[in-house]
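In what follows, a single structure is set out as structure tokens and then discussed.
The values are calculated or read from the model by the stated rules, or taken from the named source; none is laboratory data. No experiment lies behind these values; they were computed from the predicted model shown. Please note: Cβ atoms are built from the backbone with ideal geometry, for glycine as well, and neighbour counts cover all protein chains shown.
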Amino acid sequence: MHPALGTALDRIAATENFDPTALPPLYAAVDPEALTILLESPAPVTVRFEYANDAVVVGPDPQEVTATVTGLEGAR
């Protein structure tokens, strides 16, 4: 799993005040292996998906990958 996906899961858990192990499996929302391939590609990529009632955005910075989590209620 790409480190940015782990960061996204940690941020969701912190936002929702959950233990990360209490979150539903990531593979129920997206294919983690496919996301890893996209995020490790040489092209700049931004991936958006819904997971655990949050809109997750994972996108590359020139030096690192960042993950931002926004509650869906605030995004609507």
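Can you name the residue in the stretch 1-25 that is in a helix (DSSP H, G or I) and among the hydrophobic types (A, V, I, L, M, F, W, C) and is also nearest to Asn53 (Cα to Cα) among such residues?
In this case the residue turns out to be Ile12.
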Practice item. Go through (1) surrounded by fewer than 16 Cβ atoms within 10 Å (Cβ to Cβ); (2) at pLDDT below 85; (3) under 9 Å from the mean Cα position of the chain (by Cα) one by one and return the number of the condition Ala67 breaks. Key: (1)
Exercise for review: Just name the residue that is farthest from Val69 (Cα to Cα) out of those in the stretch 1-45 that are loosely packed, with under 15 Cβ neighbours inside 10 Å, at pLDDT 85 or above and of a type in the set (Ser, Thr, Tyr).
Suggested key: Ser41
